[in-house]
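Here's the structure, in C-alpha cells; my notes come after.
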Amino acid sequence: MAVNFNRVEFIRSAASPKDFVRDGLAQLAFAGRSNVGKSSVINRLVNRKNFARVGASPGKTSQINYFCLDEKIYLVDLPGYGYAKVSKAERDRWGNLMEAYFASGLISWGVMIVDARHKPTGDDVTMAKWFHDTGCPLTVVANKLDKLKKSEIVPNMQVIRETLDLLETDELVPFSAEKGEGKEQLLRLLSGAVE
Ligand code: GDP
C-alpha cells in the first residue's frame, strides 16, 4: 500500500513500557548509534528540516518517540546508543527500555542506520542481532554515503553486510541524508511494511 511519508504526526514519547503504543498498526523501528545521522535520515524521509531532533543531547535520549505516517503506520525513533559520555544510570535506563520494546512483539520492521564509511561497531552487531531475534524484516541504511569515494561503495557495503551478518533477505541501502541519495529506494521498501 502506498504511504505518504509527507503526512507525519508526532504521537508521543515513551520512557517506560506502559507508554508503548499498542493499537495494532505496524511499527517501523529505527535504531542507530548516536551521531550516525538517524534524525537526519528520518527528517529526509518525511521531508522536514527539524522533525526528529538533530543532535539531541545525550541526557534526553532514553525515550522512544512515536510518529504516525499517513495514519497507516508508526515510525518509531528508538534512543541512540554508543554515546561515550552517558552515565551508568542512563545506560541502564536505555537497556531496560530497549529490552522491553524488543520483547514486546510490537516491532513489524527494523531499520538500522549505520555509517557507510566504517565497519559497524560491536554495538551495531548487537543491535542487528536483536532485530534478527524478533524475526522481523530488517533494512540497514548505510548513511553518509556522500563522504565516500565511488570506489569505496561496493567494498564498504560488503564489510557492513558481513560484519552485521545480514540475511540475504535483509536489504542494505546506501544513503545520504544530506544529499537525498537512496531515499526513493528506502521509501519503496518501507511502504512494503503496510499490509
Ligand atoms: P543522530 O544522533 O543519529 O540523530 O544524528 P544526527 O541526525 O543528529 O546527525 C549527526 C551529524 O551527522 C550531524 O552533524 C548531521 O549534519 C551529520 N549527518 C547526518 N547525515 C549525514 C549525511 O548523510 N552526510 C553527511 N555528510 N553528514 C550527515
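May I ask you to derive the FRET efficiency for Val21 and Lys88 from their Cβ-Cβ distance with R0 = 35 Å, giving the value to the nearest 0.05? Display every interim value, and only then the final one.
On the way: r = 29 Å, r/R0 = 0.82.
Plugging the Cβ-Cβ distance into 1/(1 + (r/R0)^6) gives 0.75.
Between the DSSP loop rule and a limit of at most 12 other Cβ atoms within 10 Å, which trypsin sites (Lys or Arg not before Pro) in the range 65-123 are left? Kindly include the intermediate steps, with their values, before the conclusion.
Values: sites: Lys72, Lys85, Lys88, Arg91, Arg93, Arg117; in loops: Lys72, Lys85, Arg117.
Filter output for the range 65-123: Lys85.
For the range 16-34 versus the range 130-195, the inter-centroid distance based on Cα atoms is 20 Å.
Within a straight-line Cα-Cα reach of under 28 Å, Lys179 can be paired with the following lysines, leaving aside sequence neighbours fewer than 8 residues apart in one chain: Lys38, Lys49, Lys60, Lys72, Lys119, Lys144, Lys147, Lys149, Lys150. Could you pull out every one of the aspartates and glutamates with an alpha carbon less than 14 Å from that of Lys183, ignoring same-chain neighbours closer than 8 positions? The reachable aspartates and glutamates, counting only those whose Cα sits under 14 Å from Lys183, are Asp146, Glu171. Within the chain, the percentage of alpha carbon pairs spaced more than 30 angstrom apart rounds to 12%.
Rounded to the nearest 20, the Cβ-based charge dipole of the range 8-194 about its Cα centre (Lys and Arg +1, Asp and Glu -1) stands at 700 debye. Under 8 Å for C-alpha pairs, at least 6 residues apart: give me the relative contact order for the chain, rounded to a whole percent. Relative CO of the chain lands at 26 percent.
Laboratory data are not the source of any read-out in this text; all were calculated from the coordinates shown. Quantities reported herein were computed from a predicted structural model and do not represent experimental measurements. Virtual Cβ from ideal backbone geometry, glycine too; neighbours counted across all protein chains shown.
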